[in-house]
């Protein structure tokens, strides 16, 4: 597996930002490669995952959309998979896919990790992290909503 070093170094970098103890994988079983012994991997195929009830959030969701298992899945099923993963099942998501999935992933709020123009291969690497999804603007705090210094001075 040529991606072994890339995946292990990426997992090490992600673990520095946020600790990863539980992870789920869809598309290929990464547990068989013993990538990181401290992470408890669970593998699901697409149909099992879509029917999986919510029991708790995983620290990481890893989706390989460019594998043989998921290469012929239509956009609606991909969207269902990613939305369920994003909204319910994982705090952070990494998606490996073909370039043709860019519009779908961007519309779901994913950000691109590897610039597609920096290599000649037909793949892209995307992520979704709920903690960095939306930057909170400065004006969105109590300092600008209420002006207690003007109370009892002006009548509206």
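Against the test of being touching a helix residue (DSSP H, G or I) at 6+ places or on another chain (Cβ under 8 Å) and touching a residue at least 12 places away in the same chain (Cβ under 8 Å), the options 64, 60, 113 yield a single qualifying residue, 60. Could you say whether any residue in region 66-85 is in contact with a strand residue (DSSP E or B) (Cβ under 6 Å, 6 or more places away or on another chain), modelled with pLDDT of 90 or more and within 26 Å of residue 21 (Cβ to Cβ)? Taking every residue of region 66-85 in turn, at least one turns out to be in contact with a strand residue (DSSP E or B) (Cβ under 6 Å, 6 or more places away or on another chain), modelled with pLDDT of 90 or more and within 26 Å of residue 21 (Cβ to Cβ).
Taking region 3-115 and the strands (runs of 3 or more DSSP E) fully enclosed by it, no element has 3 or more residues that are on the phi > 0 side of the Ramachandran plot.
Just one of the numbered conditions (1) assigned to a strand (DSSP E or B); (2) under 12 Å from residue 26 (Cα atoms) is not true of residue 126: (2).
The values are calculated or read from the model by the stated rules, or taken from the named source; none is laboratory data. What you see is a predicted model, and the numbers here were worked out from it, not measured in a lab. Backbone-built Cβ (ideal geometry, glycine too); neighbour counts: all protein chains shown.
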